[in-house]
Each structure stands twice: as C-alpha cells, then as structure tokens.
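Readers should treat all values here as calculations from the given coordinates under stated rules, not as data from a laboratory. Just so you know, these numbers come straight off a predicted model, no measurement behind them. Cβ atoms come from the backbone with ideal geometry, glycine included; neighbour counts cover every protein chain shown.
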Amino acid sequence: MNKYLSISAPVAEALAQGRPVVALESTIISHGMPYPQNVETALKVEATIRGCGAVPATVAVIGGKLKAGLTPEEIEYLGKKGTAVTKASRRDLPVLVARGEDGATTVTTTMIIAAMAGIRVFATGGIGGVHRGAETTMDISADLEELARTPVMVICAGAKSILDLGLTLEYLETKGVPVIGYGTEELPAFYTRKSGFRVDYRLDTPEEIASAFRAKLEMGLGGGMLVTNPVPEEYSMDKAVIDAAIDQAVEECRMKGIHGKETTPFLLARIKDITGGESLEANIALVLNNARLAARVAACM
Ligand code: PSU
Ligand code: MN
C-alpha cells in the first residue's frame, strides 16, 4: 500500500473481509451545500449506507494524508471549514500532499483514492462535465477524464444542466465510458428525472449493474462506469423553475468572469439561493437515494 494512503479501521476491516464498501466524496460537503446541512447530510448518507449493510468510506485529504474513511469529527471539520478547504482535483494532489494540507475531494480525486484503497463503488450527487460554452472556454471537468481511466463505478443523479449534457455524453462516448440508466432510458438531469438525452443502456437491478461492471473490470478495459439514478419522483423539481434558475446562475457567472475551479461551486451556490430551500431538499433526497443504490450494488460486487 502506498505511504500516502490512510484507510480507516472500519473500512480496512470491511475490505479485508470482502464486505461491501461505498466511497463518498467530500467536495459535496465543503463546496456543495451550506453548513450545517452539509454535515447533517454527510452523516445521514453514511448512516443510510450502514442501514443497507455496507460500510461508508468518505474520502478527503487531511493533513496531507489521502483518507478513505473519516470520523464524524473529521466530517464536521471539513463541513465547518467549507469553501476554505481546497477543492482538490487530480492536479492538486501533489502539492497538497507534499505540504501536508487539507483537500476536499471531487469525483475525480475520490475515484483516485477509492481505487488506491480497493473500493469499486462510489455514490455522489452530480458529476462535473462539459460546461456550456466549452467550445471557447475549454472548461471540461477532470471528472470525465477520470471516468475514462480509473476503475471505479460512480453512481449519481445525472448531471445538472449547468453543463452541456449533449457534449458531456459525446465526451464520455469518445472516452469509452458506459452511461447506465437505473430503471430509465433517459439521462436524468439531477433536479429532474428527464433531460431529453438517452443513456447508453437501461439496467433495472443492482445485480445487472454489478455484473456489467465486473465484466468491464475482468476484461481489463480500464476506466469506470457512470450509473445515473433519477431523483425520486416526489422530490423532482419543476423543470421551468430549475431551468430559469440555472440560466440566471450561468449568466451571472459569465458576467462576473468567474472561471476555472470556481465555476461549479459558484453555480451550485447561486442555484440554491435563487430557488430557496427547494433545490437543497431535492439535492439531499437524491444523494440518499444514490447511497441506497450504491450499497445494494456494492453488495452484489
Ligand atoms: N456537480 C454537482 N454537485 C457537486 C459537484 C458537481 O452537481 O458537488 C462537485 C463534485 O465534487 C464534482 C466537482 O466532482 O464539483 C466538479 O468540479 P469541476 O466542474 O470544477 O470539475
Ligand atoms: Mn472546470
């Protein structure tokens, strides 16, 4: 095992015994939701995974250590520090680790650390993708490149239309990443169950999802798999309301000249403010829903 990696005792024990483990990211805690809902949600997601018979491994960089499995105190620490914690993508790991600093892991770095630890299933809310206007800004999330190279399954609620969903799917196709719809032929758009775009394959059970990913691993194809799980019907938002909020947030982002790694956190925070609590409630519900599916898939792996 590499000297930078630190696996918590419960996670190490579960892995040694071949019990199901589900990785969770920490940028959603520090940058994706406000305090204290971020900490409450993170702890609730962990409890949900335990309730489904799996072991949660929330991932972060703390004091320069790549951690798989956090204590509730460490989750509280990251949640309280919020956006003061570095949002850590692949390019950030070398300097953060060398300096012994903290970092909140995105989908990209959570996949990297999960793979190092031997964890195959990861649940989150939404992934990064090809941003609107990427044909001039070249703003394409490192999450897509990581899905192309690192063998971890990511279970999410699709992607927000802060992104160009059509271009995001094109990119994933080019990179050979299977996009699966859980019980749906249509790509969910995070806050809504529909996007107007099709997934590559509809799979209806955790067993089918696990066996497709096992086949991918055993063939040595490399890279991950994206499983999209629609937000539960009762929490899905009105499309016109959320689209208007997203359009406004994207326009404000452009006017303010925000770019690079600040873009996604800015958009997430603005959407939450514009729509009041409704988008936050949907966000929490869909993360819990993804955690349940991930625990069931992990049990089949
Ligand atoms: N999209 C969401 N919620 C999130 C993120 C994206 O709907 O919390 C976070 C995830 O951590 C994701 C990261 O990996 O933002 C992508 O950032 P960027 O677009 O800068 O690559
Ligand atoms: Mn970006």
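Things worth noting here:
- Rounded to the nearest whole Hz, the Karplus-based 3J(HN,Hα) values (6.51 cos²θ - 1.76 cosθ + 1.60, θ = phi - 60°) of the range 60-74 follow the sequence 6, 9, 10, x, x, 8, 7, 9, 10, x, 10, 7, x, 5, 5, with x at glycine and proline.
- Each residue of the range 24-39 is assigned a 3J(HN,Hα), and the resulting list reads 9, 8, 10, 5, 4, 6, 6, 10, x, 9, x, 6, x, 4, 4, 6 Hz, derived from the Karplus form 6.51 cos²θ - 1.76 cosθ + 1.60 (θ = phi - 60°), x at Gly and Pro.
- Pairs from LYS44/LYS272; LYS67/LYS160; LYS3/LYS67 whose Cα-Cα separation, in the structure shown, is over 22 Å: LYS67/LYS160
- DSSP bridge pairs, the chain: antiparallel proportion in percent, nearest 5: 30
- Rounded to the nearest 20, the size of the Cβ-charge dipole of the chain about its Cα centre is 780 debye, with Lys and Arg at +1 and Asp and Glu at -1.
- Burial order of peptide ranges 215-227, 23-35 (average beta-carbon count within 10 Å, highest first): 23-35, 215-227
- Selected from CYS253, GLY277, LEU293, residue furthest toward positive end of dipole (the range 251-301; charges at beta carbon): LEU293
- Coupling constants for the range 96-106 follow from the phi torsions by the Karplus curve (6.51 cos²θ - 1.76 cosθ + 1.60, θ = phi - 60°), and in residue order they are 4, 5, 5, 8, x, 9, 9, x, 8, 8, 7 Hz; glycine and proline get x.
- Sparsely packed trypsin sites (Lys or Arg not before Pro) within the range 1-109, loop by DSSP, other Cβ within 10 Å at most 16: LYS3
- Computed about the Cα centre, the dipole magnitude for the range 183-301 is approximately 360 debye when only Lys and Arg (+1) and Asp and Glu (-1) carry charge, each at its Cβ.
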